[in-house]
Structures are given as structure tokens and as C-alpha cells.
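Single-structure report; data block below.
The values are calculated or read from the model by the stated rules, or taken from the named source; none is laboratory data. The model shown is predicted, which means the values in this text are computed figures rather than measured ones. Backbone-built Cβ (ideal geometry, glycine too); neighbour counts: all protein chains shown. The area values use the complete protein model at the heavy-atom level, side chains included, leaving out ligands, DNA and RNA. Shrake-Rupley method; radii C 1.70, N 1.55, O 1.52, S 1.80 Å.
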Amino acid sequence: MINVKVPQVVFRTRVRDESIGGDNPFKWEDKTTEDYFKSKTAILFSLPGAFTPTCSTYQLPDFEKLAEQFYSKGIDVIYCLSVNDAFVMNAWAEKMNICNVKVIPDGSGNMTRFLGMLIGKNHLGFGNRSWRFMAVVNNGVVEKWWQEPGINNDGDDSDPYIESTPEKMMEYLGNK
């Protein structure tokens, strides 16, 4: 997966627009892979789902906690990708008080599928979700890739979380 350009995908997002007023001042906005990755050095990590235990207890909050350290190592932006819609991703980021990590809603799973990371989590009632992975992406090209072992569609995994941790990312950036 190294030296591969990230797939071209359009993401349906919801962005704040104060001119709308009311309790839900958001509008639809299409964002492309290029919008997210052009002329940036980014961390991209993906997880099975918003509001799920490992994702909410460790993965997202730990990337948030280490954000300033990542920025000091030359990272411009940190993205969390999940096969969830924009409403869910925004609500999760708000609930988790996330300020430094930007969430990308891959509601249709296209980006995840094109990266070969779309799996079935039907045994949990989730449907299609992302296998855990992370990458350093420079100007739209994957520089470094990690994914959890045992990728499968059978539901017999233990939801490993050892390769796509912020500590692994910090170790890599520290040795560059």
C-alpha cells in the first residue's frame, strides 16, 4: 500500500453554517479526497465505528491527546475515517470533545472499500465496516501503512488494536 495514491472519493459531510440559525445550523457539503489530502502531510486512521468501545475509549481520544506532538513532527492534519454517516461522526466528535482530530464520514464505505479495508461485521449487527488501519499520507500518496492482523469477514476476530495505535505512529515519526 506504500507509494499508492489514495482513491478519489466524494464524501457527504455536514458543516456548520450560522446563517441557517436554529438548533441545527448545518448544511450538506461534498468534500473530495483531494480536499482532505492535497498539499498536506496527514495521519489517517480508521476504525469500525463511532461510539464503539475500543474506538471511543482508546483510539480516537489517544490520537486527540497526542495531536500536538504529531504536529511538532511535521503532521498538518489528523483524520479519523469510519463507515458512519456525517450525523453520527459529528455527534461522536462533539460527544468526545474532539478538537484536533477531524472526522471523515465514509457513509457509503467507498474509501474504505477502495483501500481494501471494508469488512462485514454482521455478527454484531453493524453491516459493513472498516478494518482498523492507519497511514501517513503525503499530498495524497501513502507514505506508510499499518493495519491490524487477521482481517476477515467472518466475525471471528478479537477486534485487534495493536498496529494502528497513536504510539506506533509516534514511534514512526520519531524515527523519520
Exercise. Hey, GLY155 hits all of (1) in contact with a helix residue (DSSP H, G or I) (Cβ under 9 Å, 6 or more places away or on another chain); (2) closer than 25 Å to ASN3 by Cβ; (3) assigned to a loop (DSSP other than H, G, I, E, B) but one; which does it fall short on?
Worked result: (2)
For this session: Would you check which residues across segment 144-173 are open to solvent by less than 40 Å² (accessible area, probe 1.4 Å), modelled with pLDDT of 95 or more and of a type in the set (Asp, Glu) and list them?
Result: GLU148
Exercise. Among the residues of segment 16-29, is there at least one that is of a type in the set (S, T, N, Q), modelled with pLDDT of 95 or more and open to solvent by 10 Å² or more (accessible area, probe 1.4 Å)?
Worked result: no
Problem set entry | Matching residues in segment 7-43 - criterion: being assigned to a strand (DSSP E or B), farther than 19 Å from THR112 by Cα and not hydrophobic (A, V, I, L, M, F, W, C) | ARG14, ARG16, LYS27, GLU29, THR41
Problem set entry | One residue from ILE104, ILE20 being without any contact (Cβ under 8 Å) to a residue 12 or more places away in the chain and among the hydrophobic types (A, V, I, L, M, F, W, C) | ILE20
Exercise. Can you name the strands (runs of 3 or more DSSP E) wholly within segment 44-138 that have at least 1 residues being open to solvent by 70 Å² or more (accessible area, probe 1.4 Å)?
Worked result: 101-105, 128-130
